[in-house]
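Asker: My questions will all concern the structure given below.
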Amino acid sequence: FRKGEDGKFIWPGYGENMRVLKWMIDRIEGKVQGTEHAFGVVPAYAEVNWNGLPFTQAQFDAATSTDNADWRKEMELHSELFKQLAYHLPRELTDTKARIEKKLNA
């Protein structure tokens, strides 16, 4: 739950997630492309219907930005948890973590 310099949450609110869900359906149907991101594909600002919501390109960029140094620290915390769960952890989770770390370090 990221906050801006003003101390307010960057994302306008969970009720607005329907806009992103609509984008996901559009992507599945091949209507939009998205942009590659360290954590997968995210919508481009212009691909989301912002009608009725004063959410600017700058706000969107802040909400979808990645601070690689912060995320590398987060991945270290995940490593500690993964060690504790080692015998019960699906391989897909360790593979996903490794893939994200590779992107963050690129």
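Asker: Which translational diffusion coefficient, to the nearest whole µm²/s, is obtained for the chain from the Stokes-Einstein equation, given a Kirkwood hydrodynamic radius over C-alpha pairs, 20 °C and 1.002 mPa s?
Answerer: Details: Rh = 16.0 Å.
Value of D from the Cα-based Kirkwood radius: 134 µm²/s.
Asker: Also: Please work out the C-alpha center-to-center distance from the stretch 1-62 to the stretch 63-106 and express it in whole Å.
Answerer: The stretch 1-62 and the stretch 63-106 have Cα centres separated by 23 Å.
Asker: Rounding to the nearest 10 and keeping the result within 0 to 90°, find how far the Cα-based axis of helix 17-28 lies from the longest principal axis of the chain.
Answerer: The angle comes out at about 80 degrees.
Asker: Also, I was wondering about something else. Taking amide hydrogens as modeled 1.01 Å from N in the peptide plane, which residues meet the under 5 Å criterion relative to His37, leaving out close sequence neighbours?
Answerer: Amide H neighbours of His37: Val42.
Asker: Shifting gears a bit: Write out the GluC sites (Glu not before Pro) in the stretch 21-76 meeting two conditions: DSSP loop, and at most 11 other Cβ atoms within 10 Å of their Cβ.
Answerer: On the way: sites: Glu29, Glu36, Glu47, Glu74, Glu76; in loops: Glu29.
Hits after loop and neighbour filter: Glu29.
Asker: In degrees between 0 and 90, to the nearest 10, how far off the longest principal axis of the chain does helix 91-105 point, with axes built from Cα atoms?
Answerer: Around 70 degrees separate the two axes.
Asker: Another one. Using DSSP to call loops (not H, G, I, E or B), can you name the trypsin sites (Lys or Arg not before Pro) in the chain whose Cβ has at most 15 other Cβ atoms within 10 angstrom? Could the numbers behind the result be given before it?
Answerer: Values: sites: Arg2, Lys3, Lys8, Arg19, Lys22, Arg27, Lys31, Arg72, Lys73, Lys83, Arg91, Lys97, Arg99, Lys102, Lys103; in loops: Arg2, Lys8, Lys31.
Within the chain, the qualifying trypsin sites (Lys or Arg not before Pro) (loop, at most 15 other Cβ atoms within 10 Å) are Arg2, Lys8, Lys31.
Asker: So for the stretch 14-64, averaging the separation of alpha carbon pairs under 8 Å that are six or more residues apart and normalising by length, what relative contact order in percent results? Write down the numbers at each step before the final one.
Answerer: Working: 29 pairs, mean separation 14.9, N = 51.
Result for the stretch 14-64 is 29 percent.
No value in this document is a laboratory result; all are computed from the given coordinates. Being a predicted model, the structure only gives us computed values, none of them experimental. Reconstructed Cβ throughout: ideal geometry from the backbone, glycine too, with neighbour counts over all protein chains shown.
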